[in-house]
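Notes to accompany the following structure.
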């Protein structure tokens, strides 16, 4: 059994049952899962978690789905890697990377989708759905296949072929919609409100979906030996992930698994071409002004972030910082991460690493803080963003003489 | 069709009866759920019901009056 009390409105606090609801009828505020932490504290221990599966489901007591309804593609429990070489370049002595490129479909979305569809199955839904420009579509398609659920996934018709193939392979109804982002968004809003018999993962089961991101905090604390880091750097698209990582650290402290969850400083990373939260942070503004995205970091390109305001509050309350990163800086940071640590990240990872570098240079991140940067997606998903910045060191004819000449040039360059 | 919107009124429009004018001129029904007037702007979260053509027309009209219109609940994610 889970220890979920129900849902509550984040704005007015009105209580709702744990059903497929996402918006407060009364004030239109977003709904959030509410737990009985006293009951959870009695049930979980470090040992009980350590004996669990090597996936997000080891933390099932702190997730809103029943253990028996889990859909296990082994999402989560990804490596936490000590990044000495990158740390040396950035002047950080205690830097760690949460390598979420290793998830089943290559991004952190597997965490949220696994939770959303487990809950959807529990609520009796037979059809999974989403509207996506990439990572979410991949993950919903794969998890629905694993669960034996039907899936309807909506994508913009101009999506790159690789992204279409990575979803279509899972044999689902893949609907390519003509028009711009706003057209697709509007149609999908209408479809979601028509098809209340579908589990639209980021609409009617969104409160459960977003809870999956808490596991990014749970795992980091466990992997650090059951203690919280001093500082984390999180990419910001909708802002949901950042707020849930914060919630995750707080929950671990509430149920007695760590002592210092409330002290984690949380910083956010945005692309300059879509940085409404960073702009509000820098201006000291009390609202987020929507923007029209223009960046290679497509997975963060949400101009009107649903949780942007809440993310801004978390960054301010925890004394974190925000960065905004240009497209060339994103590519440089992807290369820096690959060169120093052997991890190939998608563009969102470039945004995070570049923000980490900026905040370290500005002194927002202290030299000896225990810092964790979240690398949330695999570079194979956004190879096109690298353009011609990568390629062979040299092209040679098939002769030993040609290769020897290349070697001599290299030696000359080194000396 | 019902759409949930956040309307942001820049300081110079806070005193204008824009919602009342919209109701008189366009065939839509607003249902206000939350609202506030801050230091330099005001905002209203409301539901607008009517035929799709009418709610679309109302959104366009609000934009023309200088009101920032945000659709609540974008559903497309990466």
Six or more apart or on different chains, Cβ under 7 Å: which pairs go from a residue in region A:173-190 that's under 11 Å from residue A:159 (Cβ atoms) and more than 11 Å from every other protein chain (Cβ to nearest Cβ) to one that's at pLDDT below 90 and in a loop (DSSP other than H, G, I, E, B)? Could you list them?
A:176/A:157
If you take just the helices (runs of 4 or more DSSP H) that sit entirely in region A:166-224, which of them hold at least 1 residues that are more than 19 Å from residue A:113 (Cα to Cα)?
A:181-194, A:215-223
Selection from region B:67-78 of residues that are closer than 16 Å to residue A:290 by Cα and either in a loop (DSSP other than H, G, I, E, B) or more than 7 Å from chain A (Cβ to nearest Cβ) (or both)
B:67, B:68, B:69, B:71, B:72, B:73, B:74, B:75
Could you say whether any residue in region A:149-160 is part of a helix (DSSP H, G or I) and within 21 Å of residue A:203 (Cα to Cα)?
no
Please work out which residue is surrounded by the fewest Cβ atoms within 10 Å (Cβ to Cβ), limiting yourself to region B:32-66 and to residues that are within 11 Å of another protein chain (Cβ to nearest Cβ) and part of a helix (DSSP H, G or I).
B:52
So, in region A:299-329, exactly how many residues are part of a helix (DSSP H, G or I) and under 17 Å from the mean Cα position of the chain (by Cα)?
8
Checklist (1) within 14 Å of chain B (Cβ to nearest Cβ); (2) buried (at least 18 other Cβ atoms within 10 Å of the Cβ); (3) in contact with a strand residue (DSSP E or B) (Cβ under 6 Å, 6 or more places away or on another chain) applied to residue A:27, failing item:
(2)
Looking at region B:1-22, which of its residues are closer than 23 Å to residue B:52 by Cα and surrounded by 14 or more Cβ atoms within 10 Å (Cβ to Cβ)?
B:1, B:3, B:4, B:5, B:6, B:7, B:8, B:18, B:19, B:22
Applying the selection to region B:32-55, what residues are within 30 Å of residue A:136 (Cα to Cα) and within 11 Å of the chain's Cα centre (by Cα)?
B:45, B:46, B:47, B:48, B:55
Of the residues that make up region A:157-169, is at least one farther than 24 Å from residue A:208 by Cβ, touching a strand residue (DSSP E or B) at 6+ places or on another chain (Cβ under 6 Å) and at pLDDT below 90?
yes
So how many residues does region A:16-34 have that are in contact with a helix residue (DSSP H, G or I) (Cβ under 7 Å, 6 or more places away or on another chain) and part of a loop (DSSP other than H, G, I, E, B)?
1
Determine if region A:286-300 includes at least one residue that is at pLDDT 95 or above and buried (at least 21 other Cβ atoms within 10 Å of the Cβ).
no
Do we find a residue being in contact with a strand residue (DSSP E or B) (Cβ under 8 Å, 6 or more places away or on another chain) and assigned to a loop (DSSP other than H, G, I, E, B) anywhere in region A:242-265?
yes
Just to be sure I understand, how many residues within region A:324-339 are in contact (Cβ under 8 Å) with a residue 60 or more places away in the chain and either farther than 15 Å from residue A:99 by Cβ or surrounded by fewer than 18 Cβ atoms within 10 Å (Cβ to Cβ) (or both)?
1
List the number of the failed condition for residue A:102; all other conditions in (1) touching a strand residue (DSSP E or B) at 6+ places or on another chain (Cβ under 9 Å); (2) within 14 Å of chain B (Cβ to nearest Cβ) hold.
(2)
Look through A:131, A:144 and report the one residue that is touching a strand residue (DSSP E or B) at 6+ places or on another chain (Cβ under 8 Å), buried (at least 21 other Cβ atoms within 10 Å of the Cβ) and within 13 Å of chain B (Cβ to nearest Cβ).
A:131
Residue A:75 vs. criteria surrounded by 21 or more Cβ atoms within 10 Å (Cβ to Cβ), at pLDDT below 95 and not assigned by TED's automatic domain parsing to the domain that holds residue A:140:
no
Which count do you get for residues in region B:1-31 that are over 24 Å from residue A:285 (Cβ atoms), within 11 Å of chain A (Cβ to nearest Cβ) and either under 11 Å from the mean Cα position of the chain (by Cα) or in a loop (DSSP other than H, G, I, E, B) (or both)?
3
Considering region A:196-213, residues that are touching a strand residue (DSSP E or B) at 6+ places or on another chain (Cβ under 7 Å) and within 16 Å of residue A:153 (Cβ to Cβ), and then whichever is surrounded by the fewest Cβ atoms within 10 Å (Cβ to Cβ), we arrive at A:198
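The values are calculated or read from the model by the stated rules, or taken from the named source; none is laboratory data. The structure presented is a predicted model; accordingly, all values stated were derived computationally and were not measured. Glycine also receives a Cβ, built like all others from the backbone with ideal geometry; neighbour counts cover every protein chain displayed.
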